[in-house]
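The values are calculated or read from the model by the stated rules, or taken from the named source; none is laboratory data. Since the model is a prediction, treat every value here as computed from it, not as a measurement. All Cβ positions, glycine included, derive from the backbone under ideal geometry; neighbour counts span all protein chains shown.
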Amino acid sequence: MNCPQSAYLHIPFCYRRCFYCDFPVVPLGDSARGDYGPGSNSIKSYLDLLYRDISLSPKGMPLATIYIGGGTPSLLSSSQVANLLDHLRSHFGFQFGAEITLEIDPASFDKVSLEGFLDAGINRLSLGAQSFDDNVLKQLGRTHSSTELLEACDWIQDNFKIGKLSSWSLDLIKDLPGQNLIAWERQLLKAISIAPPHLSIYDLSIETGTVFAWKLNRGELSLPNDELSFDISKITSQILRGAGFSRYEISNYALPGHVSRHNRVYWSGANWWGFGQGATACPWGHRFTRPRTRKFYKEWIEKEEMAGKLVSFEPTPKSQIINVEDLLIVGLRRREGVNLKMLFKGLGWTNHQLEENINALKMCWEYPLKKGWIKQNGWRFSLTDPEGMEISNQILVQMLEWWESINGCSSD
Ligand code: SF4
């Protein structure tokens, strides 16, 4: 497996924790800033750790994609983003035309800081809009208002039109409490009218320990039932297809030429660097998540520094283990699906094993195959849009149960 050519950098700070979020974030309060004032010391000392973390990695191939995610990375000042990119560039180098994405939240930046991010080298933005409805934003515990969101979209779109940005994405959440078809359609049409070239549409997921989980237990959240959820998914697919978007992954839609290259790296099972507290890296196919708290992250860096190199990621024959579960899941989430022959031949399966095991999988998938929710093209299997994608969880679980049942037999 080749050396990674992609890097993810995690910035864990947010103004406050949204009511549905269970990410490893550090809420710093609504007036937090990266360069001065509330929370800035915490951010600065974290960035120092991040530089040390990057410096530990062996120098490898120049990077083709970089993604600064969080948290709310737009809490950093533009000079902090520039320094971070300089540090990364001087360590690895960047390929010509590298895709460099920054996740940003409305109300955490203004027109001037946006231009500063672009001058620093950011050429793709991912805007956490979530909804254009103020009541919904309040219900989600978001910091921004719809007015601030629309203003942010205008600034971004202006820069996109003059070519200072090569692409940008807008995130929305569907299947929210109390959501109906008309309200959701209005959200989608609003998003389309703004004309982002990429949209990520996530389903609300209720995570343990969140305010939403607490409310759900008390019967205070009325979530769309399966039928409504299916209809919401169906009109999403129809409306976005009509607007020229291609659904290239279950939650991601792009106009031609605007598929996220960085996302593709994750979904293809290729390898990537990951830096920062709680960040997952997968160099040489060896997946590792750094400690999720500042204390343990700092201790981990100190330990690696004492060893004089990044011992957790040293490529060894043993570390070149493909995580098949991940490849199966991410493969089936993509529009082109997953080629099981290619995947399992890589694990050394014989033709006989391949045929026997894939036939067993097809028995598990008998119903969705019969209903046409899974398409088979040779050894390649993919989900149909929207039917297959809407029941993807059941189909993925059936596949994982199949993998678990045969894994012991095939690994000897
Ligand atoms: S802004 Fe994003 S990362 Fe931060 S708490 Fe809200 S959902 Fe979580």
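Report whether or not V25 is in contact (Cβ under 8 Å) with a residue 24 or more places away in the chain, surrounded by 15 or more Cβ atoms within 10 Å (Cβ to Cβ) and within 16 Å of the ligand (Cβ to nearest atom).
Details: in contact (Cβ under 8 Å) with a residue 24 or more places away in the chain: yes; surrounded by 15 or more Cβ atoms within 10 Å (Cβ to Cβ): yes; within 16 Å of the ligand (Cβ to nearest atom): yes.
In short, yes.
Return the residues of region 202-230 that are surrounded by fewer than 16 Cβ atoms within 10 Å (Cβ to Cβ), among the hydroxyl-bearing types (S, T, Y) and within 23 Å of the chain's Cα centre (by Cα); say none if nothing qualifies.
Correct list: Y202, S205, T208.
Can you pull out the residues in region 146-168 that are among the aliphatic types (A, V, I, L, M) and either crowded, with 16+ Cβ neighbours inside 10 Å or farther than 15 Å from S193 by Cα (or both)?
Hits for region 146-168 are L149, A152, I156, I162, L165.
So which residues in region 334-358 are among the hydrophobic types (A, V, I, L, M, F, W, C) and within 31 Å of the chain's Cα centre (by Cα)?
Listed by number, the residues that qualify are V338, L340, M342, L343, F344, L347, I358.
Give me the residue from region 1-17 that is within 16 Å of the ligand (Cβ to nearest atom) and surrounded by 21 or more Cβ atoms within 10 Å (Cβ to Cβ) and, out of that set, farthest from E304 (Cα to Cα).
Only one residue tops the list, namely Y15.
Among the residues of region 28-50, count how many are among the aromatic types (F, W, Y) and within 16 Å of the ligand (Cβ to nearest atom).
1
Inspect all residues belonging to region 362-374 and state whether any of them is of a type outside the set (F, W, Y), at pLDDT 85 or above and within 30 Å of N2 (Cβ to Cβ).
No: region 362-374 contains no residue that is of a type outside the set (F, W, Y), at pLDDT 85 or above and within 30 Å of N2 (Cβ to Cβ).
Working only within region 75-94, note down all residues that are touching a residue at least 40 places away in the same chain (Cβ under 8 Å) and under 22 Å from the mean Cα position of the chain (by Cα).
Residues satisfying the conditions are L75, L76, V81, L84, L88.
Would you pick out the residues in region 325-363 that are among the β-branched types (V, I, T) and closer than 12 Å to F381 by Cβ?
Keep residues of region 325-363 that are among the β-branched types (V, I, T), which gives 329-330, 338, 350, 358.
Hits for region 325-363 are V338, I358.
Test S251 against the stated conditions and say whether it is farther than 22 Å from I232 by Cβ and within 12 Å of the chain's Cα centre (by Cα).
No; evaluated as a whole, the condition is false for this residue.
Within region 352-368, can one find any residue that is assigned to a helix (DSSP H, G or I) and closer than 21 Å to Y253 by Cα?
Checking region 352-368: not a single residue is assigned to a helix (DSSP H, G or I) and closer than 21 Å to Y253 by Cα.
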